[in-house]
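**Student:** The structure under discussion is supplied below as C-alpha cells; questions concerning it will follow.
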Amino acid sequence: MYENYLNIICVDQEVFYDSLSILSYDNFQKWVQRGKLNKVRTKGRGRTGLIEFDSIPEDLKNLIIRTFGNPYLKDNRETFTNQLATDDDAIVFFKTYNYEDGRGISDKKQAQYICEAEILNLYNTTINNYEIKIKAQRKKSKKGALKKKLSSIINDLKTECYPNTQTKKYPHNLPSNVRALDRKAQGYIDEGYDFLVHKNAGNKAAQKIKGENAKWLIATYSMPNKIVVPVLHTLYMREAEKRGWCDLSESAIYKWLYEPEQEKVWLVSRDLNEYKNKYGHKLVRDKEQWFPNAYWAIDGSKIDWMHYYDNDLGAAAKFKIDPVVDVYSEKIIGWSFSETENHIDHFTAVKMAFQESQSRPFLFTYDGQSGHTSTRMQELYGKMVAKKGGLHYKHAAYEHSSPVEGIFNRLQQQVINGWWFSDKQSITVRTEKNKPNMDFILENKHKLPKKEELLKAWKLCVNEWNNSTHPKFKKEGLTRSQVYNQEPLLHEPVNYLDMIDLFWCYTPEPITYRADGLRVEIAKTKYHFEVYNVNGDIDLRFREQWVNKKFFVKYDPDQLDNYVSLYLKLPDGDKQFVADAQPVRKQQQVPVLMQEGDKEQWAKDYEVRKIEEAAAQSKIKRIQRETGITPEKLISDQELKMKFGGKLPKQLRNEVEAESFIDRM
C-alpha cells in the first residue's frame, strides 16, 4: 500500500475509497481538487494513483497507520518481523498455565503473552548479538540507539492489523518507553515465561487487601445482619485508623469482595440459600428416557389471587393450591383448592391424579411439609408407587431440587397472574411488571370473586395450562395433554380394588362406639356415625353386640358424608370388617318442619330404647330363673334367715331348695 515515488512516501489512492472505505470516490476527487490531498501520480495505463502520505489529514493518517503500519518504519519493521520465530515452548506453557485459583489463561491473554515472548526473544537476541559483534570489532557501542530503534519498531507493531480487519497482527502489550521495555526484557531473562503473566491484572485492590484487613472485611461482611458495602467501608476506615491499615475506596472493597474467590467464603455465612444457588453443585437429571407417569411431583403453594373476605379490608388472599404434576409432560393431573395445606389436601390431589391416570408412578417426590410426612400419607405413598421399582421421597429443605417448583413458577407467571385480581406475591417481586396494581384491586374490591368463582377460575387455568404447547415439543406442536397421552415405556395400571386399598384411611387409634353412635374427629372436623340395617333402621343386632366396643374407622375423605367402615383389631394385628356406619340421623322435633315419613321414623328410633331395655330385661330374667338367683328368692332367703336367726335346720333347708328347683323347672 506504500510506495517511495520520487523520494516521497506515498500511499495508493484506492486505500481511501476501496480498501478502508474512508471516503466515497466522488468525495475523494473533490478533496484532491481542493488540495486537501496531494496527488503525486495519476492512475492509468497500469499505474496506481499515489497520494503523498504527509498531505493526509492526521486522523486519516492514524487510521492508515493502524491498518498498514508506519511507512517510515516499514523497512525496519519488515526486517524485524521477518526474524520473529514461533516459540513452541511458550505456546505450551501459556496454554497449560493455571492461576492459584485453578483458572487457566484466557485465549486473548494467551495470544498476548505468546507474542510478547517471541518479541522479547528477538529483542534479547538482537541486543546480545550486537554486543558480541561490537566486542569482536572493538568499536564504540551504540547500544542505546539500537534499543531506542527496537523500541520504536516494537511499539509500531501494535498498530498493524490483518487486512480488512481490526484484529491485531501482533497483540502485545509491551512498554512503549525504552527503559521500561529494557527492564521487561531483563525480567523475562531472569524469570522466564512466568514473568509475563499478570496475576492480579486490573485489580490493584488485591495488592492492598491481604492478611489481617482481608480477614476483617470477609468476617464483618459475612454476618447475617447483612450490612451494605457503604456501611462496611465506614467501619473499615475506623478500624484502619486504629490498626494502621491502608485506605481503601468503597468501590475497591466492593470489587474485591465480589470476586468469586472471596464471595464464596462470606456468602456461605451471610446467606446460605444464595450460596447454594450460586456456588452449590447441582446434579443434572437425565430426562431422555422419561415417559408419562414415570415421575410425579406435588408441591403446595399460596395462589396469587385476591378474593372477597369478611374483614376490615374486605379482601384477602388465603387460598392455596396443591397440584400434582406429571414431570415429563408438565400436565397437572391432580390438585386440591382450599385454605389449608394438610394431609387431606394432599390426599385429595393424589386421588385425583390416580383417577386421571389410572396408573402408578415410578417416582413420587414432595417437600417436607408435615402433611406429607404424617404416618397416614407415608403409608399411602409407600403403597401408591409402582410395585416394581417404585420409589418416593421428600426433597431436602431449601435445595430447590423439586422439578415442580420451576413448572409452578411458569404457571404463575404465564397463566395465573393474568387475572386482574392476582396479587403476584408468590414469586419474588423485582420489577414493576411483576408487582400488583393494588390501587386498581382495592378500587374494585366489591367485584372480587368469592371462593366458588375462584375455583372456576382455577379450573380454567388448569385447562389452559394443560392444553398449551409443551416448550420441549414446540416443533411437533404438541400440547402438554397430548404429550401426557403418548404411549409410556412402562405402565403399571390400578383397578377399583386398588383405589379402595389406596385411598381409604384408618384412624390412628380405635374409637369407642357408644350408645349414641360413634364420634370421630378427622382433619379437625367432627363427625357422628351410626350403624343402620338394610331397611335404614337402627341395627339392633349390631348394638346388642358392639356398643361400647372399640373400632378402627376406615374412611374415604371424599365420602365422609356418605359412610365409613368399622374394623376390629385381631390379636395378630390384622383388622376385621364388622359393619358400615352412616352419618347419624338427626331428628326434627318441630312439627311444622317435619317432612313426610319423619314422624314415623322418629317413632321407630324412639322405640329403640324401649325395645333394647325390654330385651335386656327378658334376658336377665331368664338367666335369673335358670340359676335360681331371683329377687324373690333373695327376699325369701332373707326372711327365713331372720326367722331362724341365721341357723336353718338341714332337713328344712333341703326341702326349701327342692321346692325352688321344682319352681325353676
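Taken together, the values in this text are just the output of simple stated rules run on the coordinates, not laboratory data. Small disclaimer: the values here were computed from a predicted structure and weren't measured. Virtual Cβ from ideal backbone geometry, glycine too; neighbours counted across all protein chains shown.
**Student:** Just tell me which lysines come within less than 19 Å, Cα to Cα, of K168; anything on the same chain fewer than 8 places away is out.
**Tutor:** Answer for K168, where 19 Å is the Cα cut-off: K61, K74, K108, K109, K158, listed by chain and number.
**Student:** Provide the FRET efficiency to the nearest 0.05 for the Q587-R238 pair, computing r from the beta carbons and using R0 = 56 Å.
**Tutor:** 0.10
**Student:** Moving on to the next point. In this model, which of K459/K586; K569/K610; K526/K569 are farther than 27 Å apart at the alpha-carbon? Each step should come with its number before you reach the end.
**Tutor:** Working: K459/K586 35 Å; K569/K610 31 Å; K526/K569 23 Å.
With Cα atoms farther than 27 Å apart: K459/K586; K569/K610.
**Student:** In deg cm²/dmol, rounded to 500, what helix-only [θ] at 222 nm does the chain give when every DSSP H run of at least 4 residues adds -39500 (n - 2.57) and the total is split over its residues? Don't skip to the end; give the middle numbers.
**Tutor:** Numbers: 25 runs with 295 residues, N = 665.
Result for the chain: -13500 deg cm²/dmol, rounded to the nearest 500.
**Student:** Cα centroids of the stretch 127-180 and the stretch 360-399: how far apart, whole angstrom?
**Tutor:** About 73 Å separates the Cα centre of the stretch 127-180 from the one of the stretch 360-399.
**Student:** A follow-up question, please. If each of T373 and Q486 carries a label point 7 Å out from its Cα toward its Cβ, how far apart are those two points in nm?
**Tutor:** 3.6
**Student:** If you scale each eigenvalue of the Cα gyration tensor by 5 and take the root, what three semi-axes come out for the chain, rounded to whole angstrom and sorted largest first?
**Tutor:** Numbers: eigenvalues 1938, 211, 121 Å².
With the √(5λ) rule applied to the chain, the semi-axes are 98, 33, 25 Å.
**Student:** Please compute the net charge surrounding V564, taking Lys and Arg as +1 and Asp and Glu as -1 over other residues with Cβ under 10 Å from its Cβ. Walk me through the intermediate numbers first.
**Tutor:** Numbers: positive: K554; negative: D556, D580.
Net charge around V564: -1.
**Student:** How long is the gain from S21 to Q83 if the chain were fully straight, where each residue apart is worth 0.36 nm and the alpha carbon distance is subtracted?
**Tutor:** Details: separation 62, 0.36 × 62 = 22.32 nm, distance 3.26 nm.
Extra length from S21 to Q83 when fully extended: 19.1 nm.
**Student:** Only counting other Cβ atoms within 10 Å, I'd like R376, R77, R514 sorted with the fewest neighbours first.
**Tutor:** On the way: R376 17, R77 21, R514 11.
Listed from fewest to most nearby Cβ atoms, that is R514, R376, R77.
**Student:** Right, another one. Multiply the residue separation of N62 and V40 by 0.36 nm, subtract the distance between their alpha-carbon atoms, and state the gained length in nm to one decimal. Each step should come with its number before you reach the end.
**Tutor:** On the way: separation 22, 0.36 × 22 = 7.92 nm, distance 2.05 nm.
Extending this stretch completely gives an extra 5.9 nm.
**Student:** While we're here: If packing is taken as the mean number of other Cβ atoms within 10 Å per residue, what is the order of 471-480, 338-347, highest first? Walk me through the intermediate numbers first.
**Tutor:** Details: 471-480: 13.0, 338-347: 19.8.
So the peptides 471-480, 338-347, ranked by packing, come out 338-347, 471-480.
**Student:** Rounded to the nearest 0.05, what FRET efficiency is calculated for D637 and E613 with R0 set to 35 Å and r the Cβ-Cβ distance? Kindly include the intermediate steps, with their values, before the conclusion.
**Tutor:** Details: r = 28 Å, r/R0 = 0.79.
Given R0 = 35 Å and the Cβ-Cβ separation, E is 0.80.
**Student:** Report the extension gain between R138 and N177 in nm, rounded to one decimal, defined as 0.36 nm multiplied by the number of residues separating them, less their alpha carbon distance.
**Tutor:** Once the chain is fully extended between R138 and N177, it gains 11.1 nm.
**Student:** Compute the distance in nm between two label points, each set 7 Å from the Cα along the Cα-to-Cβ direction, one at I91 and one at V494.
**Tutor:** Spacing of the two 7 Å Cα→Cβ label points: 6.5 nm.
**Student:** Something else now. Relative to a virtual label point 7 Å from the Cα of A515 in the Cα→beta-carbon direction, which members of the stretch 598-616 show backbone nitrogen distances below 11 Å?
**Tutor:** Backbone N within reach: 609-610, 613.
**Student:** FRET efficiency for D107 and K169, Cβ-Cβ distance as r, R0 = 25 Å, nearest 0.05? The partial results should precede the final answer.
**Tutor:** Numbers: r = 16 Å, r/R0 = 0.65.
Given R0 = 25 Å and the Cβ-Cβ separation, E is 0.95.
**Student:** Still on this structure, please answer the following. With Cβ to Cβ distances under 12 Å as the rule, what net charge do the other residues near S338 carry (K, R +1; D, E -1)?
**Tutor:** Numbers: positive: K302, K318, K320, K451; negative: D322, E339, E341, D345.
Its environment carries a net charge of 0.
**Student:** Related question: How many angstrom lie between the Cα centre of the stretch 33-73 and the Cα centre of the stretch 204-247?
**Tutor:** That distance is 58 Å.
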